[in-house]
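One structure is given below, encoded as structure tokens.
The values are calculated or read from the model by the stated rules, or taken from the named source; none is laboratory data. Only a predicted model underlies this, so the values are computations on that prediction, with no experimental measurement involved. Note: ideal-geometry Cβ built from the backbone for every residue, glycine included; neighbour counts use all protein chains shown.
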Amino acid sequence: MEHRNFLRFFSAAVLIAALTKCTPHHDDQQRDIPLDKVKALEHVIPIDEARRLRQGFLTGRKELQSKLPGNYLDSAFNIPEGETFNRHAIAAILNAKGAQGLRIYMGKDEKGQVRMILLPVDSSGTDILTTLVSRDKAAIIPGIQPARAANLEQAMESGQRCPPLCKAKL
């Protein structure tokens with residue numbers, strides 16, 4: 001009898017151990033991205049300076065709008081205060097082969113909204129035009145030629161515009 005109880009206990013323990021090892025654990029904590037603090041410090045400014053810069057932009061935009069006829073600035077150049085990109089978009093840019101930084105261009109979409117376009121740059125400051133995120137490969141169907149994209153170079157865009165999608169503290 002004691003032998004059976006031991007086998008039951010042992011079997012249960014092995015089963016629990018196996019299931020806990022096989023069950024994926026979701027780590028909600030974000031890991032730090034490695035960085036060179038000296039190089040990062042070249043771009044660091046005090047938050048008060050960041051606030052002054054942002055306020056200067058908002059004041060300048062308002063001033064410019066008052067000097068233009070009607071609502072021209074908002075209708076022709078709907079400029080956001082900022083845009084938010086998730087960490088995966090930024091990681092994809094920084095993971096591009098040879099990337100040493102990132103450049104932000106301003107663009108204008110068909111609705112007149114100014115959009116931010118992000119590209120990786122190399123150590124000499126040259127844009128890197130490459131595939132940032134590869135898509136799943138198309139299915140191979142016998143007798144049918146696979147479609148080929150003419151250009152696989154990508155940039156990041158489609159950030160969340162601020163406002164309305166922001167909880168700015170700056």
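Residues 73, 58: which one is part of a helix (DSSP H, G or I), surrounded by 10 or more Cβ atoms within 10 Å (Cβ to Cβ) and at pLDDT 85 or above? It would help to see each step written out before you state the result.
Working: 73 fails: at pLDDT 85 or above.
Checking each option against the conditions leaves just 58.
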Specify which of the listed residues (106, 116) is aliphatic (A, V, I, L, M) and surrounded by fewer than 12 Cβ atoms within 10 Å (Cβ to Cβ).
106
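Considering only residues that are aromatic (Phe, Trp, Tyr) and more than 20 Å from the chain's Cα centre (by Cα), which ones fall in the stretch 62-108?
We begin by selecting, within the stretch 62-108, every residue aromatic (Phe, Trp, Tyr); these are 72, 77, 85, 105.
Passing the criteria: 72, 77.
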Residues being surrounded by 14 or more Cβ atoms within 10 Å (Cβ to Cβ) and assigned to a loop (DSSP other than H, G, I, E, B): count how many of those fall in the stretch 88-103.
3
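In this structure, is residue 120 on the phi < 0 side of the Ramachandran plot and in a strand (DSSP E or B)? First the steps, then the outcome.
On the way: on the phi < 0 side of the Ramachandran plot: yes; in a strand (DSSP E or B): yes.
It is true that residue 120 is on the phi < 0 side of the Ramachandran plot and in a strand (DSSP E or B).
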